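Notes follow once the structure below has been shown.
The values are calculated or read from the model by the stated rules, or taken from the named source; none is laboratory data. What you see is a predicted model, and the numbers here were worked out from it, not measured in a lab. Cβ: placed from backbone, ideal geometry, glycine included. Neighbour counts: every protein chain shown.
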Amino acid sequence: MRPATPVAVGPPSRAKAEARRAHGGGARTVLILVCGVLAACATTPLPLPYTPAPLPTPRIALPDPDLGGHDFDRAFFTPPPPVVRDAILSSAVARNPEFQARVSHWVDFYETKGSRWLPGYLERMDQFGPMVDSTLANRHMPYSLRYLPIVESGYSPRAVSRASAAGLWQLMASTARGYGMRVGPLLDERRNPVKATAAAAHFLTTLKGQFGSWFLALAAYNAGPVRVEHILDRYAPLEPRTDSLYWKLRNRFPAETRDFVPKFFAAVQIAKNPEAHGVDVPKDSLGFDYDEVVVPDATTMDVVARAAEVPQAEIERLNPEIVRGITPPGRKTVLRVPAGQGKTFRENYPHIPPSKRVTFVVHRVSRGENLTRIARKYGVRVADIVAANPGIRPRRLQIGQRITVPVAPRARRSAGGRR
């Protein structure tokens, strides 16, 4: 059965298609070339002026050569100033009045309803932006993509969507695993800003190659490439895959996807000049400076902080991929400590006995207890207890059964040292 054909954007009739093939498409090729030259000559200034500021120097310490275990490039550099012409922002679709109207709609949203969240978004962008800039420059990708995490996650590595996408770039678990990232109850590398940025850059580049258009690539990033491919094959199988096709087919996409690119453009416009839109960006961002260290086995974040001689909150901020506050047992894990503290950690950590590297209590199950009650008692989540006790059967707890409960030091003291 032939795919359904809408009136506005659909495949040409069978007779036209056969005639086109019969003539070898020569005339059409000449016409496309002529139109392309005319279009290039008629280019007008962008509605959203693109004058990027010079890139700041990435504030990331080079990794220890002995670390290993990374799936992506870890060397960052100071990228050169980006070229003025951005392949996304310079699209002809950006001059479409209807497209501009949707961009204006989202600018209004960020200036009103979204204004309470936007300062936090931009503050986090100041932390992670230099790392993102380096990755994009390494791959010769449009500089404007540095603003995509604003739309995706508010630049929060801990963000999780209703569809269970996670991290700065809101990667699905299947996509992340396809790029060699680990996704589990203790370690979720989608929340690792460095690895997630590298994976997202890979993914976006692949989508651009598949669809031939950055607008379609962004639509596929949001809705999924299979879904976008299906829409294109059904409603425009013979149409050139261009940015314009995204806009022509917008009503065929899911509601979020049809406005995804206009919302992205609005985020670029606001983030480039927040003061002009009434947004006060907090000063003195914490930054993302770090040294990398290795822990050989399960270790809780308070122990890492003690070895690095820094606050535990700083270790947790630099390692958002450690979901439950403890690294996976039986394997090495690369962690980040504040810049300059790597040497301190390496000196102190070996002196901590393995039995003291996990802060926990051993709870003996009493009559009538379940995991919910035990978790409430120690101020942890049920998921924390399950993750720390592989093979546990929550509905079949036995009286007298011993359960390991990972807890913070203050909870350990309040528990009276029960073992």
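Being at pLDDT 95 or above and surrounded by fewer than 18 Cβ atoms within 10 Å (Cβ to Cβ) is the filter here, so list the residues in the stretch 181-206 that pass it.
202, 205, 206
Look through the stretch 306-323, keep the residues that are under 26 Å from the mean Cα position of the chain (by Cα) and assigned to a helix (DSSP H, G or I), and return whichever of them is surrounded by the most Cβ atoms within 10 Å (Cβ to Cβ).
This residue is 315.
Report yes if some residue within the stretch 127-145 is in a helix (DSSP H, G or I), crowded, with 23+ Cβ neighbours inside 10 Å and without any contact (Cβ under 8 Å) to a residue 60 or more places away in the chain; otherwise report no.
Yes - at least one qualifying residue is present in the stretch 127-145.
So, in the stretch 166-188, exactly how many residues are in contact (Cβ under 8 Å) with a residue 24 or more places away in the chain and touching a strand residue (DSSP E or B) at 6+ places or on another chain (Cβ under 7 Å)?
4
On the given criteria, is residue 292 under 27 Å from residue 178 (Cα atoms), among the charged types (D, E, K, R) and in contact (Cβ under 8 Å) with a residue 60 or more places away in the chain?
yes
Which of the residues spanning the stretch 85-101 are crowded, with 20+ Cβ neighbours inside 10 Å and not in a loop (DSSP other than H, G, I, E, B)?
Scanning the stretch 85-101 gives 93, 94, 99.
Could you grab me the full set of residues in the stretch 217-262 that are crowded, with 20+ Cβ neighbours inside 10 Å and in contact with a Ser or Thr (Cβ under 6 Å, 6 or more places away or on another chain)?
219, 222, 243
Within the bounds of the stretch 335-347, is there any residue that is at pLDDT 90 or above, under 23 Å from residue 387 (Cα atoms), of a type outside the set (D, E, K, R) and outside the structural domain of residue 392 (by TED's automatic domain parsing)?
Within the stretch 335-347, one or more residues are at pLDDT 90 or above, under 23 Å from residue 387 (Cα atoms), of a type outside the set (D, E, K, R) and outside the structural domain of residue 392 (by TED's automatic domain parsing).
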